[in-house]
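Below: the structure, in structure tokens.
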Amino acid sequence: MSYQALHRTIVLFFTVCSLAVVASCKQVENTTNAGVQTLSQSLFESTVNPIFDADIGGRTCASSGCHATPGGSGGSFIIFPNAAGDPVKMAGNFASASGFANISDPAQSKLILEPLTGIFSTVGSHAGGDIFTNGDANYNAIVNWISNPVTP
């Protein structure tokens, strides 16, 4: 057998084998993850992110001395100041805040426990002091966001 004939035979063999493998594969359907929930980015953008830039008692969460990136000293909770209108920064803030949310027990979310006033601050001291009280508008907005997850 010549080299060209051997080469054609080998190529034909691998082509037939490849087609046989592809033909034997089952059809895969994309299915939804029924029951899996996540936090709503749109609700976050309209109600929670504005809190990060708001002046609350002379302090702002997204200030350079607090949780702002770069240069913030706020531990692992880092956010971009003035993220509205910038989809990349907003996605970063959403991801950071989501990491401190507890969907199964919103009231136990570190995002609200740490800056909470008085005896409710059960997760340690907040170097920025007490930011809001249990039941104020900012607290309610954050709890509402965490309490209303969506199914993707």
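Within the range 132-152, the residues that satisfy the criterion of being in a helix (DSSP H, G or I) and out of contact with any strand residue (DSSP E or B) (no Cβ under 8 Å at 6 or more places or on another chain) are ALA137, ASN140, ALA141, ILE142, VAL143, ASN144, TRP145, ILE146, SER147. Go through the range 53-68 and give me each residue that's within 14 Å of ALA137 (Cβ to Cβ) and not small (Gly, Ala, Ser). If the condition is that a residue be within 14 Å of ALA137 (Cβ to Cβ) and not small (Gly, Ala, Ser), then ASP55, ILE56 are the ones that fit.
State the number of residues belonging to the range 93-120 that are assigned to a loop (DSSP other than H, G, I, E, B) and either under 18 Å from ASN148 (Cβ atoms) or within 15 Å of the chain's Cα centre (by Cα) (or both). Lay out the reasoning, then the answer.
The first filter runs over the range 93-120 and keeps only residues assigned to a loop (DSSP other than H, G, I, E, B), leaving 99-105, 109, 114-115, 117.
Next, from what is left, pick out any that are either under 18 Å from ASN148 (Cβ atoms) or within 15 Å of the chain's Cα centre (by Cα) (or both): 99-105, 109.
Selection size over the range 93-120: 8.
With respect to (1) within 22 Å of SER46 (Cβ to Cβ); (2) at pLDDT below 95; (3) under 23 Å from the mean Cα position of the chain (by Cα); (4) not charged (D, E, K, R), the lone exception for TRP145 is condition (2). Residues in the range 78-92 that are in a loop (DSSP other than H, G, I, E, B) and either in contact (Cβ under 8 Å) with a residue 24 or more places away in the chain or hydrophobic (A, V, I, L, M, F, W, C) (or both) were compared, and the one that is farthest from THR60 (Cα to Cα) is ALA84.
The values are calculated or read from the model by the stated rules, or taken from the named source; none is laboratory data. Remember, predicted model here, so these are calculated numbers, not experimental data. All Cβ positions, glycine included, derive from the backbone under ideal geometry; neighbour counts span all protein chains shown.
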